[in-house]
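Read-outs throughout are calculated quantities, based only on the coordinates presented, and are distinct from any laboratory measurement. This structure is a prediction, so every number in the text was calculated from the model and none was measured. Methodologically, a virtual Cβ is constructed for each residue, glycine included, from the backbone with ideal geometry; neighbour enumeration extends over all protein chains shown.
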Amino acid sequence: YLRVRLCTMAAAPIRKAVTLWILLSFSPTALSIANLSDSRGAPPAARQARMLTGERTLCPYSTGSQKFGYIQVSPLTKYFFAAIQADKDPGTAPTFMYFEGGPGGSSLTAALRMNGPCIRDYDTGNLRLNQYSWTGQANGVWIDAPAPTGFSVGPATQGFEDFILDMW
C-alpha cells in the first residue's frame, strides 16, 4: 500500500499519478514495467518512467532499496529522481517527495547534507550514516525539478504554474 498526500487539483491527469505510484511502489513488477526499453503497447505511465540500470547506490549504509532514473514530463523534459525505501517496514511506511528550493538546487544536495540515509562528513569528506535520516521511517523520493535543475534535462520552466503542471 502506498500512502501519499496529494494536493487537490482540478483535472489532474491520471497518467502522472500512476507514474508516481510506479516509482514509489518499488515492486519488481512495477520496476520491470517501468524499465522497458521498447514500451510500445505499454500503458502511458510505463512509458513515462525510466530507471537507470546498474547496482549503484547513494548510500551503502542504508538497508532500503535505492532506485534512480528519469520521469518524462513533456516531450523535451525529463526530471531526475532518486527513490529510497524506508529502512523499517517500507511496505507500510509513509512516502515523502522532496524538492530542493532554488531555483537551480539539486534535491540530491539535501539527500547528502540533510535528510537522506547518508550525509557527507565535513572533516573527512566521506559518507557516513545519517542517524536523523527521514528514510529511517519513511520512503523518500528526491526530484530535481524544474528542468534543468540538477541532473534533470530540458528547457527551463517558464514559471511556477508550468512546474506544477509538469508534476501532474
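Between THR109 and TYR61, how many nm apart are label points set 7 Å from Cα along the C-beta direction?
Label at THR109, label at TYR61, 2.3 nm between them.
Given points 7 Å out from each Cα along the Cα-Cβ axis, report the GLN137 to THR92 separation in nanometres with one decimal.
The modelled label-to-label distance comes out at 1.5 nm.
Can you pull out the trypsin sites (Lys or Arg not before Pro) in segment 86-168 that DSSP calls coil and that have at most 16 other Cβ atoms within 10 Å?
Working: sites: LYS88, ARG113, ARG120, ARG128; in loops: LYS88.
Filter output for segment 86-168: LYS88.
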